[in-house]
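The values are calculated or read from the model by the stated rules, or taken from the named source; none is laboratory data. In this text, all values refer to a predicted model and were calculated from it rather than measured experimentally. So basically every Cβ, Gly included, is an ideal-geometry build from the backbone, and we count neighbours across all protein chains shown. Ligands, DNA and RNA are stripped out before the accessible areas are found, and what is left, the full protein with its side chains, is counted by its heavy atoms. Shrake-Rupley method; radii C 1.70, N 1.55, O 1.52, S 1.80 Å.
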Amino acid sequence: MAKAKTLPPRLDAIHLNGLEDGDPGSLGAHERSDGERFIDADLTALDLTGSLFSGCEFLSCTAHATDFRTASFIETRFHRLNAPVLQAPRARFRDVIVENSRIGSGELYEARLESVHFINCKIGYVNLRAAKLTDVLFTNCDIDELDLAAAEASRVAFSHSKTRSLTLGRASLTHVDLRDLEIGELAGLDGLRGATLSPLQSIELAPAMAAELGLKIES
């Protein structure tokens, strides 16, 4: 019987047409924005808890310590986002593109990511603990620390990307493709089940896997 192949992420195209210039001063907690474009906006320290952005675009915006807790982003694009601290726990991202952006510390624990594409991003630490990821792709991304502990991930892949530290403890993975992710250190081998590795990666991780299982490898 042929082995089932690893399924790639299914990314929906987003269509942003006829956007109107948005006023950052009008944004607030639990407010809704539809079809707006924000250019060079400084959202630093704004309380946008529970806000909804649908069909929006953020170009060259700064979002330092902006509170996006439980916010929703639907069919939205971020280009050149600068977020030294991105606070978006329990937020929802559906049909979202984040490209050419810099994120220092991303607090996305318990968030939901559906059809999300990160492109050419530099990320210091991203906390995706207990998050749910479906159809997520990282392309040409450099991530210092990627924390997926207790996360549920399905059809997640990496292309020409690297991370210095990957944490997977208690994660639930299905069709998660790590073959094109350069991994420095790996913690939480119990959460690696369901991931796809390259032959070279399996060799490199063999000592850690043996230690996890209490095996001795001697010549």
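I'm checking a number: the convex hull volume of the Cα atoms of the stretch 1-124, normalised per residue, in Å³. What is it?
Details: hull volume 13.7 nm³, N = 124.
Per residue, the Cα convex hull of the stretch 1-124 comes to 111 Å³.
What FRET efficiency comes out for the pair ALA210/THR139, r = Cβ-Cβ distance, R0 = 35 Å, nearest 0.05? Write out the running numbers ahead of the final one.
Details: r = 33 Å, r/R0 = 0.93.
With a Förster radius of 35 Å, E is 0.60.
Using a simple charge model, +1 on the beta-carbon of Lys and Arg, -1 on the beta-carbon of Asp and Glu, nothing else, what dipole does the chain show about its Cα centre, in debye to the nearest 20?
Working: 23 positive and 32 negative charges, 163 e Å.
Roughly 780 debye for the chain.
What shape does the stretch 177-219 take by its C-alpha gyration tensor, where a ≥ b ≥ c are the square roots of the eigenvalues and a/c under 1.5 counts as rounded, a/b above b/c as prolate, and the rest as oblate? Show your work: numbers first, answer last.
Details: a/c = 2.11, a/b = 1.53, b/c = 1.38.
It is prolate, given that a/c is not under 1.5 and a/b is the larger ratio.
Distance between the modelled labels on SER219 and SER159, one decimal in nanometres: 4.1 nm (7 Å Cα→Cβ projection). Backbone N atoms of the stretch 95-128 closer than 20 Å to the 7 Å Cα→Cβ label point of ARG32 belong to residues 95-96. Sorting ILE14, ILE123 by solvent-accessible area of protein heavy atoms yields ILE14, ILE123, largest first, with a 1.4 Å probe.
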